[in-house]
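Q: Pasting a structure below so you can have a look.
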Amino acid sequence: PLSIGAVAVLFGLLLGFMLFHSDPAPKPVLRTQLSLPNALSPLQAAITPDDKKLFYVLVDPDDATRRIGVYHFETGEKEIVPRTDDARLPSISMDGRWVVYRNQTTREWWKIPTSGGEPVLIPGSSSRPGMGAALTPEGDLLVTDSTWSMARILPDGSRVIDVSTDQD
């Protein structure tokens, strides 16, 4: 009789938990149409993890130079990020602190804080110009090329490791 009572209590607790426990509300989906008349392509854009900013490549109407633009979802404000001439292939670091982009002329990878500031050259990045990149939380730059191989460039540029073969 004691074991039947214990099972009944456990069953009651489980049933109560299932009836009154609610899953956290799903994150709302944002749907919007943006007017970005100088933007090159949706493939040349990246959204910050907090969904507050869109960084994209645009053609500056003043001098026809490709630069990084930023759209602020909360205010609708658009601006051109200074000193990002000839930018391509923007991506956002996993922690949302950096925009990484490639300078098409020099074939170097640069990063600039998503909060604004000066661009910073990523050392050793011109050795692997790549077709796309991602910045890890540790500061390594992962670069892919047109053959789908991937390299990891250490933050100080001291080593470039072919991730496909794990060789320097």
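Q: Along region 70-78, what does the Karplus equation 6.51 cos²θ - 1.76 cosθ + 1.60 (θ = phi - 60°) give for ³J(HN,Hα), rounded to whole Hz, x for Gly and Pro?
A: 10, 10, 9, 4, 5, 10, x, 6, 10
Q: Same structure again: For the residue pair Arg97 and Leu121, what label-to-label distance in nm results when each label sits 7 Å from Cα along the Cα-to-beta-carbon direction?
A: So the label points at Arg97 and Leu121 sit 2.2 nm apart.
Q: Can you run phi through the Karplus equation (6.51, -1.76, 1.60; θ = phi - 60°) for region 46-56 and list ³J(HN,Hα) in whole Hz, with x for Gly and Pro?
A: 8, 9, 5, x, 7, 6, 9, 9, 10, 9, 8
Q: If you count only protein heavy atoms and use a 1.4 Å probe, how large is the accessible surface of Leu34, to the nearest 10 Å²?
A: Around 60 Å² of this residue is reachable by solvent.
Q: Still on this structure, please answer the following. Where a Cα-Cα gap under 17 Å defines reach, which lysines qualify for Lys52, not counting those fewer than 8 residues away within the same chain?
A: Lys27, Lys78
Q: Relative to the present Cα-Cα distance, how much length would full extension add between Asp62 and Asn38 at 0.36 nm per residue of separation?
A: Working it through step by step, the gained length comes to 7.5 nm.
The values are calculated or read from the model by the stated rules, or taken from the named source; none is laboratory data. If you're wondering where the values come from, they're calculated on a predicted model, not measured in any experiment. Reconstructed Cβ throughout: ideal geometry from the backbone, glycine too, with neighbour counts over all protein chains shown. Ligands, DNA and RNA are stripped out before the accessible areas are found, and what is left, the full protein with its side chains, is counted by its heavy atoms. Shrake-Rupley method; radii C 1.70, N 1.55, O 1.52, S 1.80 Å.
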